[in-house]
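Have a look at the structure below before the remarks.
FYI, it's all coordinate maths here, none of it is from the lab. Keep in mind the model is a prediction, meaning the values are calculated, not measured. Cβ: placed from backbone, ideal geometry, glycine included. Neighbour counts: every protein chain shown.
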Amino acid sequence: MMEELSLHILDIVENSINAGATLVKIDLSIDKKMDEFNLTITDDGKGMDEEMVKNIRDPFFTTRTTRRVGLGVSFLDEIADLTGGSLDINSTPGKGTVVSLRLPFNHPDRPPLGDIISTLMTILMTAQDTRFIYRETRDNKEWIFDSAEVTGISDPVFLKQVKDMLYNSYKEFTGGELI
């Protein structure tokens with residue numbers, strides 16, 4: 001199982017990109033007082049039919065031909081079960097998919113978010129034809145990164161500047177708190 005939720009985000013976004021998404025929205029809402037950790041990933045990819053949505057939680061179901069298992073969604077489903085949370089997947093062929101994970105924030109089995117900035121940088125470097133928007137809300141504070149604001153990511157100097165800017169901005173937003 002992936003030990004950080006940021007790696008699950010990366011896995012879902014990779015699925016979106018492979019489904020032809022040109023826009024992926026990642027929305028994380030954390031409310032410690034209400035004991036809520038809510039993650040929603042929305043894409044405009046090719047979507048899935050009802051049968052595929054039903055099968056997507058099965059670790060032995062995959063549309064890939066290179067590897068015959070698809071563990072990402074099944075791991076998220078397991079996390080939801082362990083914590084008393086929920087995982088909902090809604091999809092419409094030709095329109096896209098919405099993956100919603102709801103977890104209790106304070107549950108001891110909720111994995112940490114992990115290094116979200118490295119995840120965002122990985123997406124940025126590998127999905128240059130896909131716009132993605134990451135929005136995180138914590139106790140009524142908001143932090144947004146929109147890949148449309150960054151161009152020329154293939155330049156290593158620019159890449160380092162973007163990474164440093166994101167780390168500094170995110171650290172200021174979180175106060176350095178790891179969740």
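About the Cα centre, and with charges only on the beta carbon of Lys, Arg (+1) and Asp, Glu (-1), how big is the dipole of the chain? Nearest 20 debye, please. Don't skip to the end; give the middle numbers.
Working: 19 positive and 30 negative charges, 51 e Å.
Value, rounded to 20: 240 debye.
At a Förster radius of 30 Å, what calculated FRET efficiency corresponds to the Cβ-Cβ distance of residue 133 and residue 90, to the nearest 0.05? Write down the numbers at each step before the final one.
Values: r = 19 Å, r/R0 = 0.63.
In this case the efficiency is close to 0.95.
Within the set (i) 18.1, 63; (ii) 16.2, 46; (iii) 21.3, 75, the number that Rg and Dmax of the Cα atoms in Å takes when calculated for this structure is listed as (ii). Here r is the Cβ-Cβ distance between residue 161 and residue 34 and R0 is 41 Å; the resulting FRET efficiency, rounded to 0.05, is 0.65.
Given DSSP loops and a limit of at most 11 other Cβ atoms within 10 Å, what is the longest stretch of the chain that contains no such GluC sites (Glu not before Pro)? Between the exposed loop sites, the longest stretch runs 4-176. Dividing the summed -39500 (n - 2.57) terms of all DSSP H runs of n ≥ 4 by the residue count of the chain sets its mean residue ellipticity at 222 nm at -11000 deg cm²/dmol.
Here each label is just a point 7 Å from Cα along the line to Cβ, and for residue 105 and residue 173 those points are 1.6 nm apart.
Sequence gap at least 6, Cα distance under 8 Å: using those rules, report the relative contact order of the chain to the nearest whole percent.
Numbers: 309 pairs, mean separation 45.8, N = 179.
About 26 percent, as a whole number.
Computed extension length for residue 23-residue 126: 35.7 nm, one decimal, from 0.36 nm per residue of separation with the Cα-Cα distance subtracted.
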